[in-house]
Amino acid sequence: YARFSAEALGFELKEIEEWQCCGGVYPMSQKEVAPKLPSVRALADARDNKQDLVTLCAACYNVLKQTNDAILNDGFTAFKANTYLKQDGIEYNGETKVLHFLEILRDVIGWDNVKAAVKNPLKGKKIGAYYGCLLLRPANVMKFDDPENPQIIEDFIKALGATPVVYPYRNECCGGYISLKDGEKAQNMCEKIMESASGF
């Protein structure tokens with residue numbers, strides 16, 4: 001659907017050939033460079049095709065953007081990654097711009113143009129946005145929106161013709177990263193978010 005939406009708005013999403021999963025979790029250890037390599041490969045591929053790297057997934061967005069930031073600002077990570085990738089003839093130094101699909105809609109297309117392209121407005125619908133951690137944090141790297149009071153998804157909801165619902169837990173952690181270790185705690189965190197939204 002994102003591809004069809006992009007075409008309707010005048011741009012194309014092109015899938016990276018032979019892409020690898022980013023892993024869904026950014027490796028926090030500076031010494032762990034190997035798990036970052038799939039992301040570096042994707043970033044280099046986009047650069048070589050003279051394209052920005054756009055994703056719809058919050059986890060991919062977070063991992064790709066943090067990896068790109070590490071390559072740009074951490075000489076050790078850049079050196080280790082390029083040492084690994086040298087055997088494949090790849091060198092990457094942070095040239096690619098990482099974007100979320102919503103950033104394209106906000107910053108390139110514009111909400112007025114999105115609204116004008118909507119065929120069946122969602123009038124009368126109330127929709128609560130959920131941001132969570134991955135789109136917003138770490139704020140100094142992601143720069144997606146205001147980490148305390150984001151608006152981009154609410155603006156998207158308005159462009160679709162619906163009414164956004166702003167509820168207290170919309171940018172709280174869902175516990176996704178601890179779900180395997182402590183499923184009950186993650187479930188409780190999710191339930192609090194749902195309860196927060198249900199009151200509106």
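Applying the condition of being in contact (Cβ under 8 Å) with a residue 40 or more places away in the chain and more than 16 Å from residue 96 (Cβ to Cβ) to region 10-21 and asking which residue is surrounded by the fewest Cβ atoms within 10 Å (Cβ to Cβ) yields 10.
If a residue has to be over 30 Å from residue 1 (Cα atoms) and open to solvent by less than 20 Å² (accessible area, probe 1.4 Å) to count, how many in region 30-41 make the cut? The total comes to 1. Taking the condition open to solvent by 50 Å² or more (accessible area, probe 1.4 Å), at pLDDT 95 or above, hydrophobic (A, V, I, L, M, F, W, C) and part of a helix (DSSP H, G or I), does residue 72 pass? In short, yes. Is it fair to say residue 90 is over 30 Å from residue 30 (Cα atoms), touching a helix residue (DSSP H, G or I) at 6+ places or on another chain (Cβ under 9 Å) and not charged (D, E, K, R)? So residue 90 fails the test.
Scanning region 140-181 for residues that are among the aromatic types (Phe, Trp, Tyr), within 20 Å of residue 66 (Cβ to Cβ) and at pLDDT 95 or above yields a single hit, 144.
If you scan region 42-66, which residues turn out to be open to solvent by 40 Å² or more (accessible area, probe 1.4 Å) and touching a Phe, Trp or Tyr at 6+ places or on another chain (Cβ under 8 Å)? Correct list: 45, 47, 54, 56.
Kindly evaluate residue 7 against the criterion of being assigned to a loop (DSSP other than H, G, I, E, B) and open to solvent by 40 Å² or more (accessible area, probe 1.4 Å). Answer is no for this residue.
A search for C-beta distances below 6 Å between a residue of region 163-175 that is under 10 Å from residue 192 (Cβ atoms) and of a type in the set (Asp, Glu) and any residue that is open to solvent by 30 Å² or more (accessible area, probe 1.4 Å) and assigned to a loop (DSSP other than H, G, I, E, B), counting only pairs 6+ apart in sequence or on different chains, returns nothing. For region 100-121, a residue qualifies if it is closer than 24 Å to residue 137 by Cβ and in contact with a Leu (Cβ under 8 Å, 6 or more places away or on another chain), and the qualifying residues are 100, 101, 105.
The values are calculated or read from the model by the stated rules, or taken from the named source; none is laboratory data. These numbers were taken from a predicted model, which means no experiment stands behind them. Cβ atoms come from the backbone with ideal geometry, glycine included; neighbour counts cover every protein chain shown. The protein model used for the area step is the full one, side chains on, heavy atoms only, and it has no ligands, DNA or RNA in it. Shrake-Rupley method; radii C 1.70, N 1.55, O 1.52, S 1.80 Å.
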